[in-house]
Amino acid sequence: MATIYKTPQSRFWFARFNDGSGKRISKTTKTESKREAKRIAADLESKARKDHAAKEDDTIPRMILSTVKIASLEMEHGRLTLQRAEELIRLMHQAANPNDTGTSFRRFAGAWLDAKEASIAQTTWRSYRDAIKAACTVFGTKADGALRQITVGDIEKFQATIRKRLRGKTTNYYVSVIRRVFENAAQKDLVAKNPARPVKPIGTGDSLTRNPFTLEEVRALIKHATTPEWKGMILLGAHTGLRRGDLLGLTSDNIVGTKIQIQPSKTSDKAGTVLEIPLTPPCLGWLEGRTGDLFPKLKPLKSSTLSEAFKAIMRKAKVPQTLTIAAGDPPVIAHRSFHSLRHTFASWLAEADIHSDVRRKLTGHASEAVHARYTHHDTALVRAVETLPAL
C-alpha cells in the first residue's frame, strides 16, 4: 500500500509504493495537501503496477517468439537435435508459466514409492527408496524444482556419480528405478518425455567382481561381530549361503527340525521354489531358544546402513574389502561384501567335491525342472552341509 512522507528539503509530499515487481519507488506528489498527496500516491501505485503487468504481458510473447526463431535457425543449419528441441520447449513453457514450478521430482518419486509399497517385497521397496534418495542427492536443488526440468544430462550425471561408489550392475539398477519413475510421470502427462530413457546401461563386466572369504577370514568376521545378531547373520550366511535379504526375513517358523525352509526372494520361480537347507551344529547352537523374528534389530535398517555396518566389521577383523587378482590383463579387482558369504558357501561345497546339482539345490540356483529331477538328493544335502568347515 502506498505511503506518503515529507523531507526537510521540500515543501511537497512524497509517495512511496511498490511497482508490482517488488521494487520500491519514491516520487513527489507536487502538492502540499496531505489529503491530495494520499490520493496521488494511490494513483501512482496503481499506474506503476498496471505498467509492470503490461510490460510482462509483452515480454512473454517476445521471449516465446525469440525461442521459436532460435529453433528455426538451428534447424536450418542442421543443429536442431531432439534433445535441443525439448530444451527449447521447456524454455517456452517456463516463459509462459513463470510462476508454475510444477510437481517436483522428490514429491512425485515419493508418492510413486508410497504407491508401490503394498505390491512389492520390502527388500525391493528399500532398494527403490535408496535409488530415489541417491538421485535427489545428485540432482541437488533440481530435485525440488519442476519435474520437467530434469534432463537427460541430469540422469547421465546421476549415473556417472553413483558409478564411482557402486558396482556396474547396481548402478544400472538405480538408473532403471529412476527410469520407471519418469515413465509413470510421462503416462500422467507431467513430463513430455522420459529423460532417463536415452541413458544406456553401463557395462557390468568391468573391474569389479565378487570373491569369497577364506575360512580364517570368516572366523575373524564372526569373532569381531559387533552384536549377537551380526554374529548369527555371518554364521548363517557362511553355512547356508542365503542372501542378506532372505536372512533378515527369517523367523523361528522357518526352522523345521534341523533345517531351514524358505522361499527365496530372488529366483526364477518365486511361486513354487522352496529351499530346504540342513543346519550345521554352530547354526543350531545360535538358533537355540530364539523365537519370532531372528534378526529384529537388523531387519528394519536401511540397506546402506547394513552395508556400512558390515564394512565396519570387516575393518575391525582386518578383512580387506578388495583384492587384486593378477590373473587378468588388466588385473581384476575383487570386491567383497556380505554377499561374498554366499560365494564362500558355494566355494566350500565345490572344494569338498559336492556334485554341482546338489550345490544348485542348496543355493536355489536351479530351475523348477532341475529341482524336480533331483528330489532324491535329500540325504546328499545333509552330507554336503556336513563337509562345511567348522566355525
* **Filtered residue count, the stretch 295-306, keeping only those that are buried (at least 16 other Cβ atoms within 10 Å of the Cβ) and part of a helix (DSSP H, G or I)** => 1
* To do: Sort out which residues of the stretch 1-26 are surrounded by fewer than 15 Cβ atoms within 10 Å (Cβ to Cβ), of a type outside the set (S, T, Y) and within 56 Å of the chain's Cα centre (by Cα), and write them in order of number.
  => M1, G22, K23, R24, I25
* Asked: Is the stretch 283-294 home to any residue that is farther than 18 Å from S337 by Cβ, small (G, A, S), open to solvent by 10 Å² or more (accessible area, probe 1.4 Å) and without any contact (Cβ under 8 Å) to a residue 40 or more places away in the chain?
  -> yes
* Asked: Taking interchain pairs and intrachain pairs at least six residues apart, which have beta carbon atoms under 8 angstrom, with the first residue in the stretch 123-138 and farther than 9 Å from Y174 by Cβ and the second charged (D, E, K, R) and surrounded by fewer than 18 Cβ atoms within 10 Å (Cβ to Cβ)?
  -> W125/K116; W125/E117; R126/K302; Y128/K116; R129/K302; V138/K157
* Please go through the stretch 289-324 and pick out each residue that is more than 27 Å from the chain's Cα centre (by Cα) and within 19 Å of K223 (Cα to Cα). => K316, A317, K318, V319
* Looking only at the stretch 327-345, decide whether some residue is open to solvent by 60 Å² or more (accessible area, probe 1.4 Å), outside any helix (DSSP H, G or I), modelled with pLDDT of 75 or more and among the hydroxyl-bearing types (S, T, Y). => no
* Mind listing just one residue for me: the one in the stretch 27-46 that is over 60 Å from the mean Cα position of the chain (by Cα) and among the acidic types (D, E) and, of those, surrounded by the fewest Cβ atoms within 10 Å (Cβ to Cβ)? => E32
* Before we move on, is R315 basic (K, R) and at pLDDT below 90? -> no
* To do: Specify which of the listed residues (K193, K188, K223) is basic (K, R) and exposed (fewer than 13 other Cβ atoms within 10 Å of the Cβ).
  => K188
* Asked: Of these, W286, W348, which one is in a helix (DSSP H, G or I), modelled with pLDDT under 90 and more than 21 Å from L166 (Cβ to Cβ)?
  -> W348
* Restricting attention to the stretch 184-205, does a residue exist that is under 19 Å from R129 (Cα atoms), more than 16 Å from the chain's Cα centre (by Cα) and of a type outside the set (S, T, N, Q)? -> yes
* Asked: Just to be sure, is L80 at pLDDT below 90, part of a helix (DSSP H, G or I), surrounded by fewer than 18 Cβ atoms within 10 Å (Cβ to Cβ) and aliphatic (A, V, I, L, M)?
  -> no
* Asked: Would a scan of the stretch 236-249 turn up a residue that is in contact with a strand residue (DSSP E or B) (Cβ under 9 Å, 6 or more places away or on another chain) and more than 19 Å from F345 (Cα to Cα)?
  -> yes
* Structure fact -> Note on the stretch 145-173: residues open to solvent by less than 60 Å² (accessible area, probe 1.4 Å), touching an Asp or Glu at 6+ places or on another chain (Cβ under 9 Å) and not in a helix (DSSP H, G or I) are A146, T151
* Do you know which residues across the stretch 114-132 are farther than 23 Å from P264 by Cα and buried (at least 18 other Cβ atoms within 10 Å of the Cβ)? -> I132
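The values are calculated or read from the model by the stated rules, or taken from the named source; none is laboratory data. Since the structure is predicted, the reported quantities are computational estimates derived from the model, not experimental observations. Neighbour counts are summed over all protein chains in view; Cβ atoms, including those assigned to glycine, are modelled from backbone coordinates with ideal geometry. Ligands, DNA and RNA are stripped out before the accessible areas are found, and what is left, the full protein with its side chains, is counted by its heavy atoms. Shrake-Rupley method; radii C 1.70, N 1.55, O 1.52, S 1.80 Å.
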